[in-house]
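Shown next, in structure tokens, is the structure this report addresses.
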Amino acid sequence: DSESAMQILRKMSEYGVEPDIVSYNTALSVLRADGKLQEAIQLLDVMTEKGVELDTISYNTVLSTCQRLGEWATGSSLLSRMRQERVSRDVVT
């Protein structure tokens, strides 16, 4: 579940292992499965603060959550952010 995924990210940092993009994207996928859009957006912000370069998978995962929940305005905002950060889009985006 999403709480376990977030706890794993915290534990990694506590043990001196900084999560990489794969770890973060996995957590984003778990948040998507649980329908936790705001938490996913917060995680994108944390990733950015920690200097992790967001990729297409990061954005597509959160955009998929927006679509699933019918959060079209939030999805549009994320697409704008994605363009600003010059993250490549793909057929999923």
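The values are calculated or read from the model by the stated rules, or taken from the named source; none is laboratory data. The shown structure was predicted, so the numbers you read here are calculated from the model rather than taken from an experiment. Virtual Cβ from ideal backbone geometry, glycine too; neighbours counted across all protein chains shown. The protein model used for the area step is the full one, side chains on, heavy atoms only, and it has no ligands, DNA or RNA in it. Shrake-Rupley method; radii C 1.70, N 1.55, O 1.52, S 1.80 Å.
For the chain, modelled as a GNM with alpha-carbon contacts under 10 angstrom, which of L69, L79, L28 fluctuates the most?
With Cα springs under 10 Å in the chain, the top fluctuation among L69, L79, L28 is at L69.
222 nm [θ] for the chain, helices only, -39500 (n - 2.57) per DSSP H run of 4+, per residue, to 500?
Working: 5 runs with 66 residues, N = 93.
Helix-only estimate at 222 nm: -22500 deg cm²/dmol.
Measuring from centroid to centroid over Cα atoms, what is the spacing of region 1-31 and region 51-93 in Å?
First find each Cα centre; the distance between them is then 19 Å.
So if I place +1 on the C-beta of Lys and Arg and -1 on the C-beta of Asp and Glu, and nothing else carries charge, what would the dipole magnitude of region 3-72 be about its Cα centre? I want it in debye, nearest 20.
Around 200 debye, computed over region 3-72.
So between S23 and R68, what do we pick up on full extension, going 0.36 nm a residue minus the alpha carbon distance? Don't skip to the answer; put the middle values down first.
Details: separation 45, 0.36 × 45 = 16.20 nm, distance 2.23 nm.
Roughly 14.0 nm would be gained on extension.
Let me test this: with uniform point scatterers at the alpha carbons of the chain, what is the Debye-based log₁₀ I(q)/I(0) at q = 0.19, 0.21 1/Å?
Results for the chain at q = 0.19, 0.21 Å⁻¹ read -0.84, -1.02.
How much accessible area per residue does the chain have, in Å², with a 1.4 Å probe? Mind dumping the intermediate values first?
Values: 5680 Å² over 93 residues.
Computed with neighbouring chains in place, this is 61 Å² per residue.
The chain: which GluC sites (Glu not before Pro) are DSSP loop and have at most 14 other beta-carbon atoms within 10 angstrom? Show your work: numbers first, answer last.
Numbers: sites: E3, E14, E39, E49, E53, E71, E85; in loops: E53, E71, E85.
In loop regions of the chain (DSSP not H, G, I, E or B), the sparsely surrounded GluC sites (Glu not before Pro) are E53, E85.
Run the accessible area of the chain with a 1.4 Å probe and give the carbon-and-sulfur part as a rounded percent.
Details: 2850 of 5680 Å².
That share works out to 50 percent.
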